[in-house]
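The values are calculated or read from the model by the stated rules, or taken from the named source; none is laboratory data. Since the model is a prediction, treat every value here as computed from it, not as a measurement. We place every Cβ from the backbone using ideal geometry, glycine too, and count neighbours over all the protein chains shown. To get the accessible areas, we keep the full protein, side chains included, count just its heavy atoms, and leave off ligands, DNA and RNA. Shrake-Rupley method; radii C 1.70, N 1.55, O 1.52, S 1.80 Å.
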Amino acid sequence: MMKARTVAQIALSVIMLVLPALAQEGHPMSGSWVGDWGPTKDQRTRVVVAIEWTGKELTATINPGPNAIKAKVARVNPVDWSVHIEADGKDAQGRPAAYVIDGKIDDLGTYNRSIIGTWNVGGVKGDFSITRQ
């Protein structure tokens with residue numbers, strides 16, 4: 001009788017340890033990141049960046065939807081949590097433009113962490129801040 005109770009206690013302990021691990025949020029970069037970018041504090045453009053960890057690499061999409069811009073390069077350096085994204089899209093006038101986005105993750109320990117840095121589209125350079133939702 002005592003043996004069965006000990007086995008049940010051990011099983012319950014294992015379940016209690018495993019359940020929180022299953023509820024973890026996944027890769028620190030995965031999710032929808034929402035914010036804005038612009039060349040000045042008064043000229044801002046709202047952006048959404050969807051980032052996913054595939055198990056081997058990061059993928060990123062700028063402004064998911066009918067005019068989505070798929071990143072050709074999406075990297076994160078886990079040493080300093082710097083982020084680099086490159087994509088080919090269009091500028092505000094509809095002309096082809098290269099996107100180069102460089103930032104660093106802020107508040108890594110929180111769910112609603114942010115990425116802050118520089119955002120370049122064609123010849124327009126600005127800063128950005130996006131927060132994971």
Cross-chain or 6+ apart pairs with Cβ under 9 Å, segment 104-116 first and at negative phi and of a type in the set (S, T, N, Q), then exposed (fewer than 14 other Cβ atoms within 10 Å of the Cβ) and assigned to a loop (DSSP other than H, G, I, E, B):
Asn112/Gln133; Ser114/Asp107
Consider only pairs whose beta carbons are under 8 Å apart and that are at least six residues apart or on different chains; among these, list those whose first residue lies in segment 120-131 and is touching a residue at least 40 places away in the same chain (Cβ under 8 Å) and of a type in the set (Lys, Arg) and whose second residue is open to solvent by 50 Å² or more (accessible area, probe 1.4 Å) and not in a strand (DSSP E or B).
Lys125/Pro39
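Here's the yes/no breakdown for (1) hydrophobic (A, V, I, L, M, F, W, C); (2) assigned to a strand (DSSP E or B):
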residue: Asn67; (1), (2): no, no
residue: Val76; (1), (2): yes, yes
residue: Ala87; (1), (2): yes, yes
residue: Ala98; (1), (2): yes, yes
residue: Lys104; (1), (2): no, yes
residue: Leu108; (1), (2): yes, no
residue: Asn112; (1), (2): no, no
residue: Gly126; (1), (2): no, yes
Quick check on segment 30-50. Is at least one of its residues farther than 21 Å from Gly126 by Cβ, touching an Asp or Glu at 6+ places or on another chain (Cβ under 7 Å), surrounded by 10 or more Cβ atoms within 10 Å (Cβ to Cβ) and modelled with pLDDT of 95 or more?
no
Hey, among the residues in segment 101-121 that are open to solvent by 50 Å² or more (accessible area, probe 1.4 Å) and out of contact with any Lys or Arg (no Cβ under 8 Å at 6 or more places or on another chain), which one's farthest from Pro28 (Cα to Cα)?
Asp102
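Would you confirm whether or not segment 67-84 contains a residue that is farther than 16 Å from Gly38 by Cβ and acidic (Asp, Glu)?
Scanning segment 67-84 turns up at least one residue that is farther than 16 Å from Gly38 by Cβ and acidic (Asp, Glu).
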Which of the residues that make up segment 71-91 are over 17 Å from Gly31 (Cβ atoms) and among the basic types (Lys, Arg)?
Lys72, Lys90
Pick from Asp80, Asp91: which is open to solvent by less than 50 Å² (accessible area, probe 1.4 Å) and of a type in the set (Asp, Glu)?
Asp91
